[in-house]
Amino acid sequence: MAHSLLMIPGPVEVDGDVLAAMARPTVGHTSPGFIETFGACLDGLRDVFAAPDGQPFVVAGSGTLAMELAVANLVEPGDRAVVVDCGYFAARMGDILRRHGAQVESIGADLGDVPDLAAVEAALARGAKVLTITHVDTSTGVLAPVKELAALARQYNVLTIVDGVCAVAGQEFRQSEWDVDVCLTGSQKALAVPPGLVLVMVRPRALEAFKARKTPVASYYCDWGLWLPIMQAYQSRKPAYFATPAVNLVVALAESVKQIKAEGIEARWARHRKLSAAFRAGIEALDIRQVPVREDVRAVTLTAMYYPDGVDSKLLGRISAAGVVVAGGLHPAIAAKSFRVGHMGVDGIGEILQTLSAIEQSLDIKTGAGVAAAQSHWME
Ligand code: PMP
């Protein structure tokens, strides 16, 4: 069966070597080979998150579990949480926080924009235990100013949790330098591994806050106290067991982390920047309007766009028939009016041009104007 190019904001195209790694025979989770692979993978993740002082946690699950793994360990009933709301995934974070007993204050923005920093600061000044930020909101394509927000949180002695599901390994992110306490992601986005792994990077201040808890963590599977000795054991290349790791996925992740190391995380961020700029040069040439309202709030990992006048979600089927899979709208306010293209992971200019060509064919644009604009932007 012909392979359609997968250009949704996760899961994404996966490199052949990563797929081959995943297809290796399943090994025991305490076999020496697996211990070395998992240990090296955990070590390498510190570079991916730019968190030399971070403690990685890798467990089986999707990004939503990653969110819960952050919240469940830091929040106790009655704690106040401030949520920076740039779209759909902030509401989910709010729900998870409330489920764990937090009093949630959400600071919103106009659709396609980020909240006013002063409004976030005012909320922090009222006192809070955690500030949550979606680095890239996948429903709007909006990029939040994580560095500035984390600095504000620090001023008010508030812990920062960054949902980096649609950002880590694509969008520039320096966890230690920016002083972000916890960052979480899933395997299926810019890490370019199939779905199924949760990654959470926890820095020392957050671990101390966890240790100072007065109440037990309400979720057994999420409890850092149960996972920490396991992660530390793999890091010191020793066998350990709490709950069976998704061994084949971990082997695949280790291969991806190796590839990221070979490329260099800075070079990977730069590639995502350049590819997104080329894609946008293409869609601008086609007069397609983006959801994020300004250049400085546009993510490099995906582009959220409005359908041109007179066009609706039937466009997605035509793009798919042209061999490329893109995503429809997700944010409730614009779900029927917008569509999204993910450009993250291992994509290169070939994938960008193929996607633009499929969009042009589907809109019956015969000039190739979008492809040409992207190509010339790329080559500049
Ligand atoms: N946060 C963000 C920013 C996301 O994009 C997603 C997934 N699209 C999630 C959280 C939830 O991840 P999952 O679907 O893997 O549970």
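The values are calculated or read from the model by the stated rules, or taken from the named source; none is laboratory data. Note that the structure is predicted; figures quoted are calculated from it, not measured. Ideal geometry is used to build each Cβ from the backbone, glycine not excepted, and the neighbour counts take in all protein chains shown. SASA here: full protein model, heavy atoms, side chains in, ligands and nucleic acids out. Shrake-Rupley method; radii C 1.70, N 1.55, O 1.52, S 1.80 Å.
So here's what we get for this one:
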{"quantity": "P(r) tail fraction, the stretch 96-207 - alpha-carbon pairs more than 17 Å apart, %", "calculated": "55 percent"}
{"quantity": "With Cα atoms, 0 to 90° folded angle of helix 265-285 axis to the chain main axis", "calculated": "30 degrees"}
{"quantity": "Quotient of C-alpha Rg and 2.2 N^0.38 Å, computed over the stretch 48-88", "calculated": "1.43"}
{"quantity": "Residue-span extension gain [Lys238 to Glu208] - 0.36 nm each, minus C-alpha spacing", "calculated": "8.4 nm"}
{"quantity": "Normalised alpha carbon radius of gyration of the chain [divisor 2.2 N^0.38 Å]", "calculated": "0.98"}
{"quantity": "Nearest 10 degrees, 0 to 90: helix 146-155 Cα axis against the chain principal axis", "calculated": "30 degrees"}
{"quantity": "Crossing angle, helix 224-235 versus the chain [Cα axis fit, 0-90 degrees, rounded to tens]", "calculated": "80 degrees"}
{"quantity": "Ordering of 189-199, 113-123 by packing [mean C-beta count within 10 Å, highest first]", "calculated": "189-199, 113-123"}
{"quantity": "Extended-chain gain in nm, criterion 0.36 nm per residue less alpha-carbon gap, Arg294 and Met379", "calculated": "28.2 nm"}
{"quantity": "Order by protection proxy (mean Cβ within 10 Å, highest first), peptides 87-94, 25-32", "calculated": "87-94, 25-32"}
{"quantity": "Euclidean distance between Cα centres, the stretch 75-96 to the stretch 200-237, Å", "calculated": "21 Å"}
{"quantity": "Kirkwood-based shape ratio for the stretch 140-265, expressed as Rg/Rh from alpha carbons", "calculated": "0.97"}
{"quantity": "Total lysine pairs whose alpha carbons fall under 20 Å of each other in the chain (8 or more apart, or interchain)", "calculated": "9"}
{"quantity": "Percent accessible area from carbon and sulfur atoms, the chain, protein chains only, probe 1.4 Å", "calculated": "55 percent"}
{"quantity": "Cα gyration tensor shape for the stretch 1-103, rounded if a/c is under 1.5, else prolate or oblate", "calculated": "oblate"}
{"quantity": "Distance between modelled label sites at Asp116 and Thr26, nm, 7 Å Cα→Cβ extension", "calculated": "5.5 nm"}
{"quantity": "Area accessible to solvent at His135, 1.4 Å probe radius, in Å²", "calculated": "10 Å²"}
{"quantity": "Within a Gaussian network of the chain (alpha carbon springs, distance under 10 Å), most fluctuating of Glu295, Glu36, Glu68", "calculated": "Glu295"}
{"quantity": "The stretch 279-344-the stretch 169-186 distance, computed between alpha-carbon centres (Å)", "calculated": "26 Å"}
